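Colleague: Next up is a structure, given as structure tokens.
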Amino acid sequence: MVELDGSHVRTGILTPTETEELTPLRQIRRCKRQTDWREVRVGFARPVEQKEKRTFVARMGQYPEVVQQLHSAAVDQGLSTYTLVYGLADGGNGLREALESEFSHFQFILDRPHLKQHLFATAEAMELTGKIRLIWLKHTLNLIDKGHVKKVISRLKCWQGKGQQRVLNLAKYLERFRDALHYDKYRSLGLPIGSGEIESAHRYIPQKRLKLPGATWHPDTINPMLALRVIRANNWWNDFWHQLSLDKNQLISSC
């Protein structure tokens, strides 16, 4: 089982101001901070039946390089050439494709809470209200859970009311992920259908250190800090420093 999700961290780069004004204490040229929010991606791999046995990865980077790390984490958990891998994630552009290119036998599962967000937004565009809205949402989600996605897509394409473009967008979205939505089946196999597990990991791996009140990080410092956070999360901390000490001693002795 592999999961992958992202959250944003505030970054900042100091650049000299256009004026020659100096700071009063240190007498250096004043700088301004250009801030931005960048996405940090966290993932883990674990055996399906062992929720506590996880190997984490975390990186600020594009999907292919993060998924490559995730593949290494899966190997650490016993991945072989013939292992069936289930991947749970949202519908981010390029995410599913990156996972499928890295794992030979792969079944993607679309995060159900994200799907529900799309359904709620579509119901709002359709201007459904009150009980009618609740009935439509419950019935549509029930059909999807049971694997009747084609029926839902067909009904959406026949919609002639308000919010037609939003309804067609939902139909295309379901068409794209139609083989990743059979939630009743996934439950029966003991598989997760929501991303709560990886979202929890975001709170104690990157955010606990990188999202301190008022914190702004230079982009170059984020991945080294994430590497340390992953070492701690994977319980590799003592082994890491022991190996670092051995390498240092070996370097000294060779000199």
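Colleague: Kindly express, to the nearest 10 degrees and within the range 0 to 90, the angle between helix 112-125's C-alpha long axis and the longest C-alpha principal axis of the chain.
Modeller: Here the helix axis deviates by roughly 60 degrees.
Colleague: Summing Lys, Arg as +1 and Asp, Glu as -1, what charge do residues with Cβ under 13 Å from the Cβ of residue 53 carry, residue 53 excluded?
Modeller: Result for the local shell: -1.
Colleague: Also: If the reach is capped at under 14 angstrom between alpha carbons, list the aspartates and glutamates near residue 138, excluding any in the same chain fewer than eight residues apart.
Modeller: Cα-Cα hits under 14 Å: none found.
Colleague: Send over the Kirkwood Rh of the chain, from the inverse of the averaged 1/r over different Cα pairs, rounded to one decimal Å.
Modeller: Value: 21.4 Å, from the Cα pair sum.
Colleague: Principal axes first, then extents: for the Cα atoms of the stretch 34-166, list largest minus smallest coordinate on each axis, whole Å, largest first.
Modeller: Its Cα atoms span 51, 46, 26 Å along the three principal axes.
Colleague: For the chain, give me the percentage of DSSP beta bridges that are antiparallel, rounded to the nearest 5 percent.
Modeller: Within the chain, antiparallel bridges account for around 70 percent of the total.
Colleague: A further question follows. Quick check: net charge around residue 216, other residues with Cβ under 14 Å of its Cβ, Lys/Arg +1 and Asp/Glu -1?
Modeller: Local charge sum for residue 216: +4.
Colleague: Here is a follow-up. Which residue, 27, 219, 136, has the largest displacement toward the positive end of the dipole of the chain when charges sit on each Cβ (Lys, Arg +1; Asp, Glu -1)?
Modeller: Of the options given, the answer is 136.
Colleague: In degrees from 0 to 90, rounded to the nearest 10, what is the angle of the helix 219-233 Cα long axis to the longest principal axis of the chain?
Modeller: 80
Colleague: Points 7 angstrom from Cα along the Cβ direction at residue 51 and residue 187: gap in nanometres?
Modeller: 1.5
Colleague: Order of 63-73, 42-52 by packing, highest average Cβ count within 10 Å first?
Modeller: The peptides rank, most packed first, as 63-73, 42-52.
Colleague: May I pose another question? What's the carbon and sulfur percent of the chain's accessible surface, probe 1.4 angstrom, rounded to a whole number?
Modeller: So the carbon and sulfur contribution to the accessible surface is 52 percent.
Colleague: Given a Förster distance of 41 angstrom, what is the FRET efficiency for residue 241 paired with residue 178, based on the Cβ-Cβ distance and rounded to 0.05?
Modeller: According to the calculation, E is roughly 0.25.
Colleague: So if the hydrodynamic radius of the stretch 106-155 is defined as the Kirkwood radius over C-alpha pairs, what does Stokes-Einstein give as its diffusion coefficient at 37 °C and 0.692 mPa s, in µm² per second?
Modeller: Here the translational diffusion coefficient equals 282 µm²/s.
Colleague: Please identify every one of the GluC sites (Glu not before Pro) in the stretch 113-204 that sits in a loop by DSSP and has no more than 14 other beta carbons within 10 Å of its own beta carbon.
Modeller: 127
Colleague: Roughly how big is the chain's charge dipole about its Cα centre, with Cβ charges of +1 (Lys, Arg) and -1 (Asp, Glu), in debye to the nearest 20?
Modeller: 960
The values are calculated or read from the model by the stated rules, or taken from the named source; none is laboratory data. Quantities reported herein were computed from a predicted structural model and do not represent experimental measurements. When we count neighbours, we look across all protein chains shown, and the Cβ atoms used for this are built from the backbone with ideal geometry, even at glycine. The area values use the complete protein model at the heavy-atom level, side chains included, leaving out ligands, DNA and RNA. Shrake-Rupley method; radii C 1.70, N 1.55, O 1.52, S 1.80 Å.
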